[in-house]
């Protein structure tokens, strides 16, 4: 990584700020401190800015992540559909849309997402979203740092099945007999 930074004209490294709302995810500050420590070893000096969730939401709403800033986020969607995860983030007016040219009109990713969100045929939707996610994979408009692990406490007295959207819906739980 140090060699890549030198090739990019930054032989002494770069400074970045990692932003997160307190409570964005479990152990968010510890996670950022761990990342900052690892990045320091390769020449990336990361400052951590924890903020109140209202300030974080304001940064998201205004699409105002400062230059050299990274915002800790989680792309999960309660819609359980690719449109809710991808297009909510990468639409030109989405959280990350203004930061990536690929999400703008006239770009292949934009075309695919506009078609997929209105397609009713499941096979066609799957093909469109597959191509769109391949573009994200190839172009890397965001940093995929980790897959959050969700830990649930369980009891034999409660019938509970975790949901893929992480929601805890009490009406879906029951006392076991």
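Here, each number is a calculation from the coordinates, and none is a lab measurement. Nothing here was measured: the structure is a model prediction, and the numbers come from that model. Note: ideal-geometry Cβ built from the backbone for every residue, glycine included; neighbour counts use all protein chains shown.
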For the chain, what is the calculated [θ] at 222 nm in deg cm²/dmol (nearest 500), taking -39500 (n - 2.57) for each run of four or more DSSP H residues and dividing by its residue count? -10000 deg cm²/dmol
Compare the peptides 82-90, 13-21 by average per-residue count of other Cβ atoms within 10 angstrom and give them in order, highest first. 82-90, 13-21
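Pulled fully out, how much extra length does the chain show between residue 22 and residue 175, if you take 0.36 nm times their separation in residues and subtract their Cα-Cα distance?
So the chain would gain 51.7 nm between residue 22 and residue 175.
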95, 109, 146 arranged by Cβ crowding within 10 Å, fewest neighbours leading: 146, 95, 109
Quick calc, residue 81 & residue 41: beta-carbon distance into FRET formula, R0 35 Å, rounding 0.05, result 0.35
Whole Å is fine, so just give me how far the alpha carbon centre of the stretch 125-177 lies from that of the stretch 44-92. 18
Once both label points are put 7 Å beyond Cα along the C-beta direction, the residue 166-residue 4 separation in nm becomes 2.6
Of the beta bridges DSSP finds with both residues in the chain, what % are antiparallel, to the nearest 5? 15
Where q = 0.13, 0.16, 0.22 Å⁻¹, what log10 of I(q)/I(0) comes from the Debye formula for the stretch 1-74, counting one point per Cα? -0.42, -0.60, -0.94
With each pseudo-label sitting 7 Å past Cα toward Cβ, what's the residue 131-residue 143 distance in nm, one decimal? 3.2
If I compute P(r) over Cα pairs in 5 Å bins from 0, in percent from the structure I just sent, which labelled value in (i) 1, 7, 12, 15, 15, 11, 9, 6, 5, 4, 4, 3, 3, 2, 2, 1, 1, 0, 0; (ii) 1, 8, 16, 20, 20, 15, 8, 5, 3, 2, 1, 0; (iii) 1, 7, 12, 15, 16, 16, 14, 10, 6, 3, 1, 0, 0, 0 lines up? (iii)
Computed from the beta carbon distance with a Förster radius of 25 Å, FRET efficiency for residue 34 and residue 63 to the nearest 0.05 stands at 0.35
